[in-house]
Every structure is written in C-alpha cells, then in structure tokens.
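Undergrad: Below you'll find the structure I mean.
The values are calculated or read from the model by the stated rules, or taken from the named source; none is laboratory data. Bear in mind the structure is a predicted one, so any value in this text is a computation, not a measurement. Here the Cβ positions follow ideal geometry from the backbone for every residue, glycine too, while neighbour counts run over all protein chains shown.
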C-alpha cells in the first residue's frame, strides 16, 4: 500500500463517484477505476461499492479511509516543514450542520475563523439530513439534539442551547402560523408551532426545513418560532407575543471523529465553534 493509492480512495470517498474523483485528481475516470481495482486485488478485499447515491466505501473501505486521512494530514505537515518561509497549509476540515445554523450562525462568524486559522480550508456542508462522520462524509458536525450515532468512534459534547421565540415581519404580526409537515412533528419546536396553529390558524403551506421556514417568515407569510439569536439579528423581523405555553429550547451538540481530535486543523475549528457558541450564550 502506498500514498498514491490512498489519494484515490480519499477522492472517491469525498466525490461519491468515479467521475468526481477523476476531476479532483486531474485524471480520467478509467484511471481511477483501474487504480481502485488494483488496490482491491492487492488488499484482497473490496474497498468501494455501488450504493443508492452513487459510489461509496465498503465497511473495510471506511476503516481504510480513516487511516488514509491521517496519512494525508501527516504528508501535509511534512510538506509544510520543507517549505521554509511559506504559509503552513493545515489541510481541510469538512464541517456539517443544518442550513439554518450554517447560514445564520456560522457564516456571520467566519471572519474570526479565517483570521485565527490561516492555512486551513473549511468546507461548510449545509445539509438538512445528518451526514455520517463514520463514513467520512464529514469531520465535524453540529447537531440540534443529543447524538445517538458513532459510539466510541465519535466524541460528542454539548456546546450550548438555542432559545426560541416567535417572529414575524411587521406586516404579518397577527398572521397565521407557519409550521412543519407532519413527519417533522418529532421536533420540539415543530410540535409547539402545531399546537399554536391549531388555536390561532395555520398557514396553508408547510415545510420540512428551518431555512425555508425562515425565508417564508421574512417574506411576510406569517408567524413562526425561530432561534432568538437568528430572529433578533434580522432587521426584517420583529419578536411577537407567544401565548401558548413555554417557548422551547434546543441543545447544540458538537461531534468530532475520535481519531482526528488531536490534529491542529480540527483543534482550530473546535476552538472557533466554542467561541461562536460561547458568544451566543453570553
């Protein structure tokens, strides 16, 4: 096994297809396929398989992928040492969370991260679904509930809480409630919105994503519940009274793949997230 083979494995894991991996590596798709097959023959086990979304890693391939990432980071560190006088390249961190958190909490704080983490490339992966750290879909994740995945392979801790309040545009302060489709009622704030809507009246449009909900409220389609830190910072919105019980809170949890925790690039991103959520709770 050599480093060149590992680069092909890393590219396929990130791109999810032969074509995407080939584009990353600057080679053709046939070369990627040939190198992967040669790797599998040498190892005696399959490392990739076709899945519902394209090309993914087998269980063995995922284990190998974690080691490949460590190898990549070590190679980057060695290269940095040999480049006297140049900026140290720390590598890439793939950070995932729901669109609402990335767009309205992380992006406004991005300048701080860039100022304190030169040489780091941050990939912000905005996804409503939970990406898997164990499958290498992300290195760091923010979840709005206590994680139930990962076991001993993932480190998780609570970063803080998001307090919710009711918001609307000034022209829709007494409008109907905009909520979530029935499949989303397991969310605490979705359930509270649904109860309020049953009393005051519901909007004829339901959504399955908080970012869409936010945009609808800003456009004047009605009222909803939003994290206070987001609603209060947008000049298009005003806080409105909520007469239907206690307003909900949601926990924010940080997840990091265990084998990556001591890497400088990971430590920098975690420190930045600590500052962001410390500022929110202060």
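Undergrad: Quick one: is residue 66 at pLDDT 85 or above, within 30 Å of residue 144 (Cβ to Cβ) and in contact with a strand residue (DSSP E or B) (Cβ under 8 Å, 6 or more places away or on another chain)?
TA: It is false that residue 66 is at pLDDT 85 or above, within 30 Å of residue 144 (Cβ to Cβ) and in contact with a strand residue (DSSP E or B) (Cβ under 8 Å, 6 or more places away or on another chain).
Undergrad: If you take the residues in region 103-131 that are in contact with a helix residue (DSSP H, G or I) (Cβ under 9 Å, 6 or more places away or on another chain) and part of a loop (DSSP other than H, G, I, E, B), which one is modelled with the highest pLDDT?
TA: Going through the qualifying residues, I end up with 127.
Undergrad: Against the condition loosely packed, with under 15 Cβ neighbours inside 10 Å and assigned to a helix (DSSP H, G or I), how does residue 262 come out, does it pass?
TA: no
Undergrad: Can you confirm whether region 157-165 contains a residue that is closer than 21 Å to residue 209 by Cβ, out of contact with any helix residue (DSSP H, G or I) (no Cβ under 6 Å at 6 or more places or on another chain) and surrounded by 18 or more Cβ atoms within 10 Å (Cβ to Cβ)?
TA: yes
Undergrad: I would also like to ask the following. Looking only at residues that are touching a strand residue (DSSP E or B) at 6+ places or on another chain (Cβ under 8 Å) and surrounded by 14 or more Cβ atoms within 10 Å (Cβ to Cβ) in region 111-124, which one is farthest from residue 233 (Cα to Cα)?
TA: For region 111-124, the residue satisfying everything is 120.
Undergrad: Out of region 177-204, which residues are touching a helix residue (DSSP H, G or I) at 6+ places or on another chain (Cβ under 7 Å) and surrounded by fewer than 21 Cβ atoms within 10 Å (Cβ to Cβ)?
TA: 184, 185
Undergrad: Also, quick follow-up: Against the conditions (1) part of a strand (DSSP E or B); (2) under 20 Å from residue 124 (Cα atoms), where does residue 277 fall short? Just the number, please.
TA: Every listed condition holds for residue 277 apart from (1).
Undergrad: Next question, about the same structure. In region 150-173, how many residues are in contact (Cβ under 8 Å) with a residue 24 or more places away in the chain and outside any strand (DSSP E or B)?
TA: Qualifying residue count, region 150-173: 8.
Undergrad: Hey, does region 225-235 have a residue that's more than 23 Å from residue 273 (Cα to Cα) and either surrounded by fewer than 16 Cβ atoms within 10 Å (Cβ to Cβ) or free of Cβ contacts under 8 Å to residues at least 60 places away in the same chain (or both)?
TA: Yes, because at least one residue in region 225-235 is more than 23 Å from residue 273 (Cα to Cα) and either surrounded by fewer than 16 Cβ atoms within 10 Å (Cβ to Cβ) or free of Cβ contacts under 8 Å to residues at least 60 places away in the same chain (or both).
Undergrad: Could you list, in sequence order, all residues of region 213-223 that are in a helix (DSSP H, G or I) and either surrounded by fewer than 17 Cβ atoms within 10 Å (Cβ to Cβ) or over 21 Å from the mean Cα position of the chain (by Cα) (or both)?
TA: Those that are in a helix (DSSP H, G or I) and either surrounded by fewer than 17 Cβ atoms within 10 Å (Cβ to Cβ) or over 21 Å from the mean Cα position of the chain (by Cα) (or both): 215, 216, 217, 218.
Undergrad: Only one of 226, 254 is assigned to a strand (DSSP E or B), in the same structural domain as residue 209 (by TED's automatic domain parsing), over 23 Å from residue 207 (Cα atoms) and under 22 Å from the mean Cα position of the chain (by Cα). Can you tell me which?
TA: Only one candidate qualifies: 254.
Undergrad: Then there is this: Does residue 27 meet the test of being modelled with pLDDT of 80 or more, over 15 Å from residue 14 (Cα atoms) and surrounded by fewer than 16 Cβ atoms within 10 Å (Cβ to Cβ)?
TA: Spelling it out, residue 27 is indeed modelled with pLDDT of 80 or more, over 15 Å from residue 14 (Cα atoms) and surrounded by fewer than 16 Cβ atoms within 10 Å (Cβ to Cβ).
Undergrad: Next up: Considering only residues that are modelled with pLDDT of 85 or more and in a loop (DSSP other than H, G, I, E, B), which ones fall in region 134-149?
TA: The answer is 138, 139, 144, 145, 146, 147.
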